[in-house]
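The values are calculated or read from the model by the stated rules, or taken from the named source; none is laboratory data. Please read these numbers as outputs of a predicted model, since none were measured by experiment. Cβ coordinates were reconstructed from backbone atoms using ideal geometry, including for glycine residues, and neighbour counts include every protein chain displayed.
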Protein chains: 2
Amino acid sequence: MWSYARRVPKPEVDPTVSLELSVDRSSPVPLYFQLSQQLEAAIEHGALTPGSLLGNEIELAARLGLSRPTVRQAIQSLVDKGLLVRRRGVGTQVVHSQVKRPLELSSLYDDLEAAGQRPATKVLVNTVVPATAEVAAALGVAEDSEVHQVERLRLAHGEPMAYLCNFIPPGLLDLDTAQLEATGLYRMMRAVGITLHSARQTIGARAATLAEAERLAEPEGAPLLTMQRVTFDDTGRAVEYGTHTYRPSRYSFEFQLLVRG
Amino acid sequence: MWSYARRVPKPEVDPTVSLELSVDRSSPVPLYFQLSQQLEAAIEHGALTPGSLLGNEIELAARLGLSRPTVRQAIQSLVDKGLLVRRRGVGTQVVHSQVKRPLELSSLYDDLEAAGQRPATKVLVNTVVPATAEVAAALGVAEDSEVHQVERLRLAHGEPMAYLCNFIPPGLLDLDTAQLEATGLYRMMRAVGITLHSARQTIGARAATLAEAERLAEPEGAPLLTMQRVTFDDTGRAVEYGTHTYRPSRYSFEFQLLVRG
DNA sequence: TCAATGCGTATGTCCGGACAATCGAACTAC
DNA sequence: GTAGTTCGATTGTCCGGACATACGCATTGA
């Protein structure tokens, strides 16, 4: 029963690669981090080819004048990123690429900018409203208490791409309309010292209502991609609740998943 | 400019919680893993309430008769899962809940089963076909080379939920139709020793074609949720390419994201 | 009253070593 | 020739300690 899988992983193991590595002990940057960055750069740059062995940890540590735990910490961080695979009794090898980056807690603004498009934002609504039951539950505030509401239209190349409706608890952020149009909501949060921690997302689809269709320049009933998200900071507070709709012809969610080891 | 965010994180720090913890040194289960599981269970169970401090590592290590690195390894694994947050000079505290589980590389079958629904599968097609350019590129095989094709209909409560079309490289798996109907594709892969490593996914939406609509008992032109996925094992081989369509009224993607620290 | 300073505390980083578990390949025996 | 065994190589786990760094708080000073 094991024969199928056992037979195929051919011993196509590239020889161990010798690499120029060095660390700066006078730098405030942790040694393991310096090492992991150099290794990551070498992988990205192609100096470490997929499948190649990294050489055993003990010798690597000796070569760099580091201890084995430090080297292990560097390697482990890259394993967690999905760039390396460890095999007991064999060694550590570079994963056969295709790995770009795992799914991050990214904003649409960052996504678009990374794709080379300069996103434009049009703020439609920027006001304070009493929280509905749905919003209150998501943000963990009292019903009918005041929350900020922001509605935005995100454009690329002059075409509407997404309609974003967000609710933000009061007192967190100075929601300046000009700033909202110049950057993304997440950046504004990070800029005032909020440490984003996690988010709960739901991605679905539905037919566009008349109002939605008009906003996105689509016909009524057209399929829309929807996303709802509650974002939490590291203290556990909900810092944002959003309901977004995307034009599926212009945008889709693309990401990399890693199995949890 | 920092005032907004700085002022809000009130010192609502719950007192340190004392907990019954113990490890079994005769067990083959690693000590750090025993500890992390107990801590996770305590959080899940409510013994460790959100916001409560975990007590310093040194004392915890002493209390358990473990070394500090071992305790740190246990704690770190829970930090990586998003359950705990470390603060230098403060301590380690339980994240303010809402955290269920991060996005995993899960199959629809597992998702449904976890939701308490007993999924049913109907295999529509189970054959071998020459790879189209699209399939060949995704799986990294030669065009027109033979690949397995499996088309399945996934049902819950007798209603169709999703239509799954998958391509699998030859020689990997024994694609028994009965087995495909009894379990999921990922389980079959794991059962023959394939170690799943990562997947590249794209989630979008579109209007149903006539054929798609009929298969899913939807009207033509109805919005569908779509997902394409290429899955890789730890040797970097592509082991599966799939094109799935879901009924958005019956299924949506729901998951938790963590920021990469 | 408010800002600057110092101190205790907890995590962050790093070291050097030890033994166990596992994989692959060479070797041996049948 | 084939199956089983042994053995070297490499990572996995764990220990005990040391010093650095950052945060919160109390104290001090203007």
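Looking at A:Ala61, is it without any contact (Cβ under 8 Å) to a residue 24 or more places away in the chain and loosely packed, with under 13 Cβ neighbours inside 10 Å?
For A:Ala61, the condition - without any contact (Cβ under 8 Å) to a residue 24 or more places away in the chain and loosely packed, with under 13 Cβ neighbours inside 10 Å - is not met.
Cβ-Cβ below 8 Å, separation at least six or inter-chain, first residue in region A:182-203 and within 8 Å of another protein chain (Cβ to nearest Cβ), second part of a helix (DSSP H, G or I) and at pLDDT 85 or above: which pairs?
So the pair list comes out as A:Leu196/A:Tyr186; A:Leu196/A:Met189.
Please verify whether region A:154-164 includes one or more residues that are more than 28 Å from A:Gln34 (Cα to Cα), modelled with pLDDT under 85 and touching a helix residue (DSSP H, G or I) at 6+ places or on another chain (Cβ under 8 Å).
Kept after step one, since they are more than 28 Å from A:Gln34 (Cα to Cα), are these residues of region A:154-164: A:154-164.
Subsequent filtering for residues that are modelled with pLDDT under 85 retains A:156-158.
Okay, now just the ones that are also touching a helix residue (DSSP H, G or I) at 6+ places or on another chain (Cβ under 8 Å), so A:156.
Scanning region A:154-164, I find at least one residue that is more than 28 Å from A:Gln34 (Cα to Cα), modelled with pLDDT under 85 and touching a helix residue (DSSP H, G or I) at 6+ places or on another chain (Cβ under 8 Å), so the answer is yes.
Can you name the condition, by its number, that B:Ser52 falls short on among (1) among the polar types (S, T, N, Q); (2) modelled with pLDDT of 90 or more; (3) surrounded by 15 or more Cβ atoms within 10 Å (Cβ to Cβ)?
Here B:Ser52 clears every test but (2).
State the number of residues belonging to region B:163-212 that are of a type in the set (D, E, K, R) and more than 20 Å from the chain's Cα centre (by Cα).
Number of matching residues: 5.
Can you confirm whether region A:69-85 contains a residue that is buried (at least 17 other Cβ atoms within 10 Å of the Cβ) and more than 25 Å from B:Lys81 (Cβ to Cβ)?
For region A:69-85, residues buried (at least 17 other Cβ atoms within 10 Å of the Cβ) and more than 25 Å from B:Lys81 (Cβ to Cβ): absent.
Can you tell me which residue in region B:224-258 is surrounded by the most Cβ atoms within 10 Å (Cβ to Cβ), limited to those that are farther than 24 Å from B:Met189 by Cβ, more than 7 Å from chain A (Cβ to nearest Cβ) and in contact (Cβ under 8 Å) with a residue 60 or more places away in the chain?
Of everything passing the filter in region B:224-258, B:Arg247 is surrounded by the most Cβ atoms within 10 Å (Cβ to Cβ).
Answer yes if at least one residue in region B:223-236 is acidic (Asp, Glu) and under 27 Å from A:Val95 (Cβ atoms), and no otherwise.
Looking for residues that are acidic (Asp, Glu) and under 27 Å from A:Val95 (Cβ atoms), one finds at least one in region B:223-236, hence yes.
Which condition number does A:Ala156 fail, the rest of (1) within 11 Å of chain B (Cβ to nearest Cβ); (2) closer than 28 Å to B:Gly204 by Cβ; (3) touching a residue at least 40 places away in the same chain (Cβ under 8 Å) being met?
(1)
Looking at B:Lys81, B:Lys122, B:Lys100, which one is at pLDDT 70 or above, away from DNA strand C (no atom under 16 Å from the Cβ) and not aliphatic (A, V, I, L, M)? Working first, answer last.
Numbers: B:Lys81 fails: away from DNA strand C (no atom under 16 Å from the Cβ); B:Lys100 fails: at pLDDT 70 or above.
Sole residue among the options that is at pLDDT 70 or above, away from DNA strand C (no atom under 16 Å from the Cβ) and not aliphatic (A, V, I, L, M): B:Lys122.
Looking at region B:31-49, which of its residues are surrounded by fewer than 18 Cβ atoms within 10 Å (Cβ to Cβ) and over 20 Å from B:Arg68 (Cα atoms)?
If the condition is that a residue be surrounded by fewer than 18 Cβ atoms within 10 Å (Cβ to Cβ) and over 20 Å from B:Arg68 (Cα atoms), then B:Ala41, B:Glu44, B:His45, B:Gly46, B:Ala47, B:Thr49 are the ones that fit.
Mind counting the residues in region A:52-78 that are within 27 Å of the chain's Cα centre (by Cα) and within 13 Å of DNA strand C (Cβ to nearest atom)?
Summing the residues that are within 27 Å of the chain's Cα centre (by Cα) and within 13 Å of DNA strand C (Cβ to nearest atom) in region A:52-78 gives 8.
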